Amino acid sequence: MSISTHPFRKYMRHHITRTTNCPGCGNGIIIQAILRSIEELEMEMDDFVFVSGIGCASWIPSPLFAADTLHTTHGRPIPFATGVKLSLPEKNVLVASGDGDLAAIGGNHLIHAARRNIDLTVILVNNGIYGMTGGQTAPTTPRGVATITSPYGSLEHAFDICPMVVAAGASYVARWTTYHPRQMTRSIKKAIQKKGFALVEAISQCPVQFGRAAKLGKAVDMLKYYKNNSIRIKKARGLDEEALKGKIVVGEFVNVEKAELTSELARLKEEVMEV
Ligand SMILES: Cc1ncc(C[n+]2csc(CCOP(=O)(O)OP(=O)(O)O)c2C)c(N)n1
Ligand code: SF4
Ligand SMILES: [Mg+2]
């Protein structure tokens with residue numbers, strides 16, 4: 001389907017006629033999941049401010065979406081988003097960015113935003129690599145996988161993003177792969193509606209950098225890999241480390257209600273003004 005006849009064309013800027021993604025990139029599936037969530041929630045693009053950093057995944061909202069978008073510096077979308085949310089608390093602030101952007105250079109911002117439980121929605125696109133800059137090892141690259149900077153296989157242990165963000169204090173955390181677009185959409189809708197820090201980790205294929213280096217084949221082979229190696233969190237909870245080796249645990253990791261920063265600030269402001 002061409003971009004001009006796509007049912008979500010109405011959500012895209014008119015001067016954009018082509019995508020920045022390579023053929024087979026998972027980013028297209030994630031773009032659809034975000035836009036479908038907005039459509040199914042019957043929300044408007046004006047209800048949102050979209051924020052991204054630098055990397056292939058950072059092109060998801062900007063310049064594609066016909067909305068207020070902030071394409072910021074590498075690793076810093078969450079600080080920018082925090083500033084937007086504090087000054088415009090009525091807006092839904094949605095960050096869409098890569099694993100390198102949010103969990104490597106931006107890792108501290110990620111855990112501290114979760115700790116503060118500020119009302120942001122974060123779509124963390126995890127392709128296990130620095131895609132845009134040529135395929136270097138990321139903190140999310142699975143141990144043993146070869147990349148351009150670890151040709152004999154990465155010796156490092158990878159971050160397990162979802163449990164890390166749960167431990168930091170987020171209100172909503174879920175993980176799906178691009179093989180699970182419906183489930184991903186349901187989680188993005190919940191993340192948007194959650195009053196608090198909400199993160200959806202989208203495991204996504206980068207056939208050009210990751211797939212080639214890890215010898216996982218083309219995009220379809222990577223989707224089949226996700227299908228065959230994903231395991232629901234409920235089932236995973238009963239299994240030991242050995243049984244979970246190589247598996248992608250998918251589902252909801254946490255969904256709780258707790259005090260949120262912008263509401264707490266508004267409450268405090270009222271209390272102080274009354275004195
Ligand atoms: C301060 C700074 N350091 C490094 C870079 C180079 N750089 C740009 S994007 C990127 C990594 C992108 O990886 P990721 O966030 O995973 O996005 P992907 O391309 O994989 O979607 C790097 C290292 C930069 N632009 N700025
Ligand atoms: S390099 Fe990888 S992540 Fe970047 S657009 Fe191409 S396939 Fe997608
Ligand atoms: Mg990446």
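A short reminder: the numbers here are calculations on the coordinates, not readings from a lab. Everything quoted here is computed from the prediction, not taken from an experiment. All Cβ positions, even for glycine, are placed from backbone atoms using ideal geometry, and neighbour counts span all protein chains on display.
Quick look at the values:
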{"quantity": "Radius of gyration and Dmax over the Cα atoms of the range 67-172, both given in Å", "calculated": "14.7, 49"}
{"quantity": "Where only C-alpha atoms are counted, convex hull volume of the chain per residue in Å³", "calculated": "129"}
{"quantity": "Cα point-scatterer Debye curve for the range 7-139, base-10 log of I(q)/I(0) at q = 0.17, 0.22, 0.23 Å⁻¹", "calculated": "-0.88, -1.40, -1.49"}
{"quantity": "Span from the the range 169-211 Cα centroid across to the the range 223-275 one, whole angstrom", "calculated": "10"}
{"quantity": "Viscosity 1.002 mPa s, 20 °C: Kirkwood-radius Stokes-Einstein D of the range 203-252 over Cα pairs, µm²/s", "calculated": "182"}
{"quantity": "Within the range 240-275: backbone nitrogen closer than 20 Å to the K195 label point (7 Å, Cα to C-beta)", "calculated": "254-273"}
{"quantity": "Local net charge near G100, Cβ-Cβ under 14 Å (Lys/Arg +1, Asp/Glu -1)", "calculated": "-3"}
{"quantity": "Shape parameters for the range 1-79, alpha-carbon atoms, Rg then Dmax in Å", "calculated": "12.4, 37"}
{"quantity": "Antiparallel %, DSSP beta bridges [both residues in the chain], to 5", "calculated": "20"}
{"quantity": "Greater than 24 Å apart at Cα, pairs in K189/K269; K91/K189; K85/K247", "calculated": "K189/K269; K85/K247"}
{"quantity": "Sparse-neighbour loop sites [GluC sites (Glu not before Pro); the range 10-60; at most 13 other C-beta within 10 Å; DSSP]", "calculated": "E42, E44"}
{"quantity": "Computed E for T149/R182 - FRET, C-beta separation, R0 45 angstrom, nearest 0.05", "calculated": "0.80"}
{"quantity": "Convex hull per residue volume in Å³, alpha carbons only, for the range 82-134", "calculated": "79"}
{"quantity": "Whole-angstrom gap from the range 96-110 to the range 63-79, using each part's C-alpha centre", "calculated": "13"}
{"quantity": "Among K85, K218, K245, residue whose mean-square fluctuation peaks in a GNM of the chain (springs only between Cα atoms under 10 Å)", "calculated": "K245"}
{"quantity": "Antiparallel DSSP beta bridges within the range 84-172, as percent of all bridges there, nearest 5", "calculated": "40"}
{"quantity": "Cβ-based net charge around I233, under 9 Å, with every Lys or Arg adding one and every Asp or Glu removing one", "calculated": "+4"}
{"quantity": "Rough spin-label spacing in nm, given labels placed 7 Å along Cα→Cβ, for L41 and R237", "calculated": "2.6"}
